[in-house]
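Participant: Here it is, the structure in full.
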Amino acid sequence: MSTANLFTLSAKEVADQSAETKRRRYRKIIFLTWFLTLDLIMFGAFVRLTDSGLGCPDWPGCYGSVTPLGALQSIREAVQVMPDGPVTLPKAWIEMVHRYVGSLLGLLIIAITWMAWRHRATFGRSSTLAFVTLIAVCVQGAFGAWTVTHKLMPAVVTVHLLGGMSLLALMTWLAARERTHPPVSVELGHYRGWAALGLALLFIQIGLGGWVSTNYAALACMDFPMCHGEWLPEMDLASGFALVRGLGEMPNGEMISQPALTAIHWVHRNTAWIVFGFWGWLGWRLRADAGLRGPATLVLCLLLAQLLTGLTTIFFQWPLLIAVLHNGGAAGLVLGVVTLLTRLGKPQPQRLSVQSRSRYLKHQP
């Protein structure tokens with residue numbers, strides 16, 4: 001082999017090593033950001049459930065300061081005026097830590113977008129998804145500000161929750177593209193439409209859950225499976241699901257009524273059975289394929305966990321830890337469903353293993 005060929009081979013090896021290094025760095029920052037997004041969603045539930053959303057009633061700082069330490073005097077004055085109000089030093093720290101982590105998340109997504117665009121030829125894929133994720137985190141930041149400036153208006157808080165779940169879905173999509181898995185048979189490709197429908201149902205249920213939480217309707221029905229001893233209790237659906245109204249208010253400005261709270265709780269509870277049945281059926285079928293078995297099993301396990309934490313919330317009167325875990329379970333379902341959708345989007349024309357084919361055929365009607 002000539003010296004020129006040796007030099008060419010060496011240069012190619014160096015280029016390959018450089019490309020692989022870039023891919024590893026890109027994967028690491030994606031998985032770190034994905035993990036941070038999941039954590040931020042659960043911490044956001046903690047903020048909401050501890051009534052810390054107005055711990056610092058301005059934005060982006062706390063009474064104009066970077067930390068609550070610079071706002072101690074303002075916080076003390078607020079506590080003196082309203083000892084049981086939304087502003088206390090612990091709540092201020094909870095709210096500001098949430099904002100700090102959200103800011104870090106935004107910076108990481110900026111880095112992901114830059115890397116995806118800068119090295120798009122090396123990575124062999126478009127940077128469009130990364131740019132969509134960047135837009136999503138900017139919109140989510142805007143709703144975070146509006147949550148404070150609109151004084152926890154239920155519609156704004158619920159959209160903020162759905163925005164967080166959407167951001168998690170996008171980050172899961174980015175992460176799922178970077179993970180290897182057994183090939184998915186083309187025989188299961190037709191389930192992608194069903195999975196997309198299931199994702200829409202899941203987001204509707206998450207929105208209803210957010211509406212329950214933001215209106216503090218989790219304990220509107222204290223019995224199960226009936227509500228106030230009836231299958232169809234007295235409900236005020238129009239007032240309960242009126243979007244333009246303040247926290248704890250009816251559309252006419254009066255305090256929200258028990259029938260309105262009951263309507264919010266009852267709809268969320270009963271829609272849950274639709275989601276449970278749909279994903280129980282679809283998740284069980286998708287487990288037949290080795291490439292889908294992991295996320296499908298996760299979805300099935302989380303369905304059971306959501307049922308357990310939902311019932312525990314009722315019977316133990318909304319303990320904080322269980323409520324946060326219930327929110328985390330919803331995020332986990334988004335993670336599992338989006339992973340299934342990503343894998344179903346690129347089925348491989350390969351034969352199923354004997355075991356996988358047997359399981360698949362067993363679940364066919």
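Participant: Taking H as built 1.01 Å from N, whose amide H comes closer than 5 Å to the amide H of Arg245, not counting residues under 5 places away?
Facilitator: Sorted by chain and number, the residues that satisfy this are Ala155.
Participant: Among the lysines in the chain, how many pairs, 8 or more places apart or on different chains, have alpha carbons under 27 Å apart? The partial results should precede the final answer.
Facilitator: Numbers: Lys12/Lys22; Lys12/Lys28; Lys22/Lys346; Lys28/Lys346; Lys91/Lys151; Lys346/Lys362.
Here the count comes out as 6.
Participant: Work out the length of the dipole vector of the chain about its Cα centre, built from +1 on the beta-carbon of each Lys and Arg and -1 on the beta-carbon of each Asp and Glu, and round it to the nearest 20 debye. Write down the numbers at each step before the final one.
Facilitator: Numbers: 29 positive and 18 negative charges, 430 e Å.
Once rounded to the nearest 20, the dipole reads 2060 debye.
Participant: Would you please state the base-10 log of I(q)/I(0) at q = 0.11, 0.18, 0.20, 0.21 1/Å for region 16-179, with intensities from the Debye formula using one equal scatterer on every alpha carbon?
Facilitator: At q = 0.11, 0.18, 0.20, 0.21 Å⁻¹ the computed log10 ratios are -0.50, -1.02, -1.17, -1.26.
Participant: Could you put Cys227, Cys301 in order, starting from the residue whose Cβ has the fewest other Cβ atoms within 10 Å?
Facilitator: Least to most surrounded, the residues fall as Cys301, Cys227.
Participant: Testing the spin-label approximation: label points 7 Å from Cα along Cα→Cβ at Thr122 and Glu178. State their distance in nm.
Facilitator: For the pair Thr122/Glu178, the computed spacing is 1.3 nm.
Participant: Among all helices in the chain defined by DSSP H, which have a length of 24 Å or more along the axis from Cα atoms plus a Kyte-Doolittle mean of at least 0.0?
Facilitator: In the chain, the long hydrophobic H runs are 3-49, 89-118, 128-149, 154-177, 192-214, 258-286, 293-315, 320-344.
Participant: Another question, then. Only counting other Cβ atoms within 10 Å, I'd like Cys56, Cys138 sorted with the fewest neighbours first.
Facilitator: Cys138, Cys56
Participant: Could I ask something else about it? Tell me the relative contact order for region 33-98 as a rounded percent, counting alpha carbon contacts under 8 Å between residues six or more apart.
Facilitator: Normalised by residue count, the contact order of region 33-98 is 42 percent.
Participant: Same structure again: What does the charge count near Trp211 come to, summing +1 for each Lys or Arg and -1 for each Asp or Glu among other residues with Cβ under 13 Å from its Cβ?
Facilitator: Numbers: positive: Arg48, Arg245, Arg269; negative: none.
Overall, the nearby charge balance is +3.
Participant: Once the Cα gyration tensor of the chain is found, what semi-axes does its equivalent ellipsoid get, as square roots of 5 times the eigenvalues, in whole Å, sorted largest first? List each step's numbers first, then the result.
Facilitator: Values: eigenvalues 344, 191, 41 Å².
The three semi-axes for the chain are 41, 31, 14 Å.
Participant: When 1/r is averaged over all different Cα pairs and the result inverted, which Kirkwood radius in Å belongs to region 183-365?
Facilitator: Here the Kirkwood hydrodynamic radius works out to 17.9 Å.
Participant: Follow-up question, since we're still on this one. Below 8 Å between Cα atoms, with a sequence gap of 6+, how large is the relative contact order for the chain in percent?
Facilitator: It comes to 19 percent, rounded to a whole number.
Participant: Which of the cysteines found in the chain have nothing to pair with, since no other Cys Cβ lies under 4.7 Å from theirs?
Facilitator: Cys138, Cys301
Participant: Sticking with this one: If we count other beta carbons within 10 Å of each Cβ, what is the order of Asp223, Asp51, fewest first? Don't skip to the answer; put the middle values down first.
Facilitator: On the way: Asp223 12, Asp51 15.
Going from least to most buried by this count: Asp223, Asp51.
Any read-out appearing in this document is the output of simple, stated calculations on the displayed coordinates, not a laboratory observation. Source: prediction; values computed, not measured. Using ideal geometry, Cβ is built from the backbone for each residue, glycine included, and neighbour counts are taken over all protein chains shown.
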